[in-house]
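Undergrad: Got a structure for you, written out below as structure tokens; questions coming shortly.
Read-outs throughout are calculated quantities, based only on the coordinates presented, and are distinct from any laboratory measurement. Note that the structure is predicted; figures quoted are calculated from it, not measured. As a convention, Cβ positions derive from the backbone with ideal geometry for all residues, glycine included, and neighbour counts pool all protein chains shown.
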Amino acid sequence: MKYCRNLESVTFNDLYEQYPDLHIDVKREKALLLRHDIIILQHPFYWYSGPAIIKQWLDLVLEYNWAYGPQGTALNGKKLLSAISCGAGKEAYSPSGHNHYPVTDFLLPYKQTAFLCRMDWLPPFVVHNTYRIKNESLEKIGKQYAALLQALSRNEFHVSQYPEVDYINELITLDEVR
Amino acid sequence: MQQSFLFQAMIYLAAAVIMVPVAKKLGLGSVLGYLIAGILIGPACLHLIGQEGNDLLHFAEFGVVMMLFVIGLELEPTVLWKMRKSIAGTGGLQVVITTVVVAGLALLFNISWKQALALGMIISMSSTAIVLQSLNEKGLMKSAAGQSSFAVLLFQDIAVIPMLAIFPLLSALPLTERNNVAHNEPGFVNDLPAWGQTLAVLGSVGLVIVAGRYLLRPLFRIIAKTGMREMFTAFALLLVVGIAQLMTSVGLSPALGTFLAGVVLANSEYRHELESDIDPFKGLLLGLFFIAVGASIDFSLIMAKPWIILGIVLALMLVKAIVLFILGRSFKLSKPQNFIFSLGLSQVGEFAFVLLGFSSQENILSKEMNDMMVAIVAISMALTPLIMLLNEKLILPRLCAGHPETPQREPDVEIQEQPVIIAGYGHFGSTVHRFLNANNIGTTVLDIDSDNVDRVRQMGFQVYYGDASRHDLLEIAGAGKARLIIIAISDEEKRKEMIEIIKKHFPNLQMLVRSSNRYDAYDLMNAGMLHIYRETLDTSLRMGVDALRILGYRAHEATRWAKTFFLQDEKTLKHLSTIRTDEEYFTAVRRNSEELEAVLREDKKLLNFRVDEGWDGRPVNGELPVHDQAANS
């Protein structure tokens, strides 16, 4: 959280802080969406999905004929990115692993949401092993995330780069981060 | 007629116990019940008590002293200070104007100017006992009329003192004899020179304030520690009696002195205890006082010239009421409030008895004039509850119908069939009303403060004037058909009264009750209420949540903890409400707060997991990196 909070051209919208009782201000959220080109859903990966408030946010904010439907063009052409943290390692999210399916499969509802809203779906930013990471490497991942956000906001990646990777993490590797 | 003490006590109590409930049942109020009881057992009817009625009157006046103590307890110094304008303004003008007008009238009837002035002062007094008791019973003390009445009565209490000082100057006796009379007065202070008297007066007032502030609390604590309830009661009584004695000895009104003590103690933690201890004594003594007034009405004198006396009574009350009405008007009371105010205070009060006694001592008024005045005062007091009743039943409804600002005001409460009734349109009730209104739910709102009703009506809301604890009014308001009633009035006692009435007459009406605090909530629970809303609980928890947020906790977590706290607190409330003794209560409270902590601890684990609970499929080894949620999300 702290790595994306004070970035230039990034608005940090802390949903649980803003709506501790899940009472989402739809007008405000829509206005925020309209002002930005890249929308990032950043959350821990609870039960193969987002925490309750993310679902509530999707349910209320993405209105018919606004986000989707015949006249729903408000989000047209914006990019949607999932930035998530998982307790388990990447190997647990494989056919032979504990969770059987890759993270990207679990993110399918979000991907379809992007399509329905005529948005471009980006490969997710995923942090694995959150319970085992040492503080130094965590810091590094934070910086990687910040660098990625900067690059995205400056439109530094080419559209053709996205299908080549599972996770957007791979576009700026940890070694590239100082 | 020398009967044993017990026999007399039996007569008084029996008369009260029979007549007061009957009067209440008939809607006449307790004061009238006592008065009728007095007339019945007095020399006029059953002749069970004779001339001692007058002595009794002086004894029972102590009830007035106690009443002012209790009133003082309910009045914090800051509130009193805020009232200073109306006390000096309304009260002062009332006494002066009434005295002048009555004295002027007396002069027209060829009464000497000294006697006229004395009569004027006597008649300017109103009855604290009757007026406050009646207003309290009708729940009108907090209305504008109640407040103004109280201010006037308080000023009269103060005004008695200079009047008693002026009376000797009006005496018809020569100087030497007058001195003899003065020496009959109790108290050592009269022997002191003038500056000494002033000093004594100021000193004793100071003593009451300082002792009330610093000395009484530790004393109360010591006595409360003995755990003997009667000791506390005894001390409370001693306090009132002692102050009354002190005040009498320096020549001040005892009622004023105890009032002052009450105000000083209004902020103390023993306030409720004191109030509940003194209250029954106050009630009984006041009852006795009213009985004595009833008994002391000399019917033979009235029978001798009934029309003249009745004429004088009505004329005097009319004069007083007119003066009060003009004052009420200039102090911006609305019409209905002004009628309650001016008619309520139109009688001549018990202080008149004191002044009359003094004037016969000083030989200011002739014997027959004095006797006649006693009868007149007593009759006017006896008429007061009747007049208030007439005002309430006949004048007010008609008045409200023709009120210029509210043209559609037909009868006071129109026949209603809304699903929700809201009783009380203060800050609490109005919020509930606005919320329901915003959701298009029909409500019938009742409020007892007619000024408030008018104000709210001007804003375009349908609010009706009426006492929501009266079952006939509730009936008209549609309580028989409504789904639920919201009891949002601020008076705890009135709320309980209402609950009983609704239980009895409208068993199908669901009640949602406001409660002042947890102790009040216990009472409501024990009264069988299921929906209880503590006024301050939600707000203080919201404040707690914000405090946590400012301290750096996450908003969602703080909100959830508050909700957990709330649920747990409501749960324990039920248990605590069944406990009677302090000892048990404290143990239970301690246990509950431990329980609450445990619940919150458990809940925090829910939000703050630091271990991978098996999502990996691998066991988590002992050493875990500790990092906060920021890293996690």
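Undergrad: Arranged by the count of other C-beta atoms within 10 angstrom, fewest first, what order do A:T11, B:T384, B:T443 take? Walk me through the numbers before you get to the answer.
TA: On the way: A:T11 10, B:T384 27, B:T443 21.
So the residues, fewest neighbours to most, are A:T11, B:T443, B:T384.
Undergrad: Considering only Cα-Cα distances, which of the following residue pairs are longer than 25 Å: B:K282/B:K332; B:K282/B:K320; B:K138/B:K305; B:K85/B:K332; A:K55/A:K78? Present the calculation step by step, with values, prior to reporting the outcome.
TA: Values: B:K282/B:K332 33 Å; B:K282/B:K320 28 Å; B:K138/B:K305 35 Å; B:K85/B:K332 13 Å; A:K55/A:K78 20 Å.
As for pairs spanning more than 25 Å Cα to Cα, those are B:K282/B:K332; B:K282/B:K320; B:K138/B:K305.
Undergrad: Using modelled amide H (1.01 Å from N, peptide plane; none on Pro or chain starts), what sits under 5 Å from the amide H of A:S85, excluding residues fewer than 5 places away?
TA: A:H43, A:F45, A:V127
Undergrad: Taking θ = phi - 60°, what integer Hz values does the Karplus form 6.51 cos²θ - 1.76 cosθ + 1.60 yield along region B:543-558, in sequence order, with x for Gly and Pro?
TA: Here the 3J(HN,Hα) series is 4, x, 4, 5, 4, 4, 4, 5, 6, x, 7, 6, 4, 5, 5, 4 Hz.
Undergrad: Out of the DSSP beta bridges found with both residues in the protein assembly as shown, what percent are antiparallel (nearest 5)?
TA: Details: 1 of 33 bridges.
Beta bridges within the protein assembly as shown, antiparallel portion: roughly 5 percent.
Undergrad: While we're looking at this one, here's another question. Within straight cross-link reach of B:K114, meaning Cα distance under 17 Å, which lysines are found once same-chain residues fewer than 8 apart are removed?
TA: Candidates past the 8-residue exclusion: B:K367.
Undergrad: So what is the relative contact order of region B:61-168, in percent, for Cα pairs below 8 Å that sit 6 or more residues apart? Kindly include the intermediate steps, with their values, before the conclusion.
TA: Working: 77 pairs, mean separation 36.2, N = 108.
It rounds to 34 percent for region B:61-168.
Undergrad: While we're looking at this one, here's another question. Sequence-distant or interchain residues sharing an amide H contact under 5 Å with B:R534, placed H: which?
TA: Placed amide hydrogens put B:S515 under 5 Å from B:R534.
Undergrad: Hey, what do the phi angles of region B:156-163 turn into as Karplus ³J(HN,Hα) couplings, whole Hz, using 6.51/-1.76/1.60 and θ = phi - 60°, x for Gly and Pro?
TA: Rounded to whole hertz, the list is 4, 4, 5, 5, 4, 4, x, 4.
Undergrad: In chain A, which helices (entire DSSP H runs) extend 24 Å or more along their own long axis, judged by Cα positions, while averaging at least -0.5 on the Kyte-Doolittle scale? Could you put the intermediate results ahead of the total?
TA: Working: long enough: A:135-153 (27 Å, -0.18).
Span-like helices here: A:135-153.
Undergrad: Hey, which of these cross-link pairs are over 23 Å Cα-Cα: B:K496/B:K574; B:K24/B:K481; A:K27/A:K143; B:K25/B:K504? Please list the in-between numbers first.
TA: Values: B:K496/B:K574 18 Å; B:K24/B:K481 27 Å; A:K27/A:K143 32 Å; B:K25/B:K504 15 Å.
Going by Cα-Cα distance, B:K24/B:K481; A:K27/A:K143 fall outside the 23 Å limit.
Undergrad: Using a Gaussian network model of chain A whose springs link C-alpha atoms within less than 10 Å, name the residue from A:F115, A:F157, A:F45 with the highest mean-square fluctuation.
TA: Among A:F115, A:F157, A:F45, the largest mean-square fluctuation in the Gaussian network model of chain A belongs to A:F157.
Undergrad: Between B:Y519 and A:E8, take the C-beta separation as r, use R0 = 45 Å, and let me know the FRET efficiency to the nearest 0.05. Let's see the in-between values first.
TA: Details: r = 57 Å, r/R0 = 1.27.
Efficiency computed from Cβ-Cβ geometry: 0.20.
Undergrad: Something else now. Convex hull over the alpha-carbon atoms of region B:407-535: what's its volume per residue in Å³?
TA: Numbers: hull volume 12.4 nm³, N = 129.
In region B:407-535, the Cα hull volume divided by residue count equals 96 Å³.
Undergrad: Turning to a different aspect of this structure: Run through every distinct alpha carbon pair of region A:1-138 and return the Kirkwood hydrodynamic radius in angstroms, one decimal place. All intermediate terms of the calculation are to be shown ahead of the outcome.
TA: Details: mean 1/r = 0.0619 Å⁻¹.
Kirkwood hydrodynamic radius for region A:1-138: 16.2 Å.
Undergrad: Can I ask one more? Hey, rough spin-label estimate for B:H58 and B:T539, points 7 angstrom out along Cα→Cβ, what's it come to in nanometres?
TA: 5.1
Undergrad: What full-extension length gain, to one decimal in nm, is calculated for B:S593 and B:R455 as 0.36 nm per residue of separation minus the Cα-Cα distance?
TA: Details: separation 138, 0.36 × 138 = 49.68 nm, distance 4.48 nm.
My answer for the length gained is 45.2 nm.
Undergrad: By how many degrees, between 0 and 90 and to the nearest 10, does the Cα long axis of helix B:92-108 differ from the longest principal axis of chain B?
TA: Helix B:92-108 and the main axis of chain B meet at about 20 degrees.
Undergrad: Report, in cubic angstrom per residue, the convex hull volume of the C-alpha atoms of region B:5-399. Walk me through the intermediate numbers first.
TA: Numbers: hull volume 59.3 nm³, N = 395.
Looking at region B:5-399, the number lands at 150 Å³ per residue.
Undergrad: Continuing with the same structure: What Kirkwood radius, in Å to one decimal, follows from the Cα pairs of the protein assembly as shown?
TA: Details: mean 1/r = 0.0303 Å⁻¹.
It is 33.0 Å.
Undergrad: Expressed as a fraction of 2.2 N^0.38 Å, the rule-of-thumb size for a compact globular protein of N residues, what is the C-alpha radius of gyration of region B:297-409?
TA: Details: Rg = 17.0 Å, N = 113, 2.2 N^0.38 = 13.3 Å.
Relative to the 2.2 N^0.38 Å estimate, region B:297-409 comes out at 1.29.
Undergrad: Under the rule of at least 5 residues apart or a separate chain, name every residue whose amide H is placed under 5 Å from the amide H of B:I422.
TA: Those qualifying (amide H under 5 Å, at least 5 residues apart or on another chain) are B:T444, B:V445, B:L446, B:I486.
Undergrad: If each residue's Cβ is checked for other Cβ atoms within 10 Å, how do B:S134, B:S127, A:S9, B:S4 rank with the fewest at the top?
TA: Values: B:S134 22, B:S127 29, A:S9 12, B:S4 8.
Listing B:S134, B:S127, A:S9, B:S4 from fewest to most nearby Cβ atoms yields B:S4, A:S9, B:S134, B:S127.
Undergrad: Now for a separate question. Pick out which of A:L41, A:L62, A:L22 has the largest mean-square fluctuation in a Gaussian network model of chain A, springs linking Cα atoms closer than 10 Å.
TA: Maximum among the listed residues: A:L22.
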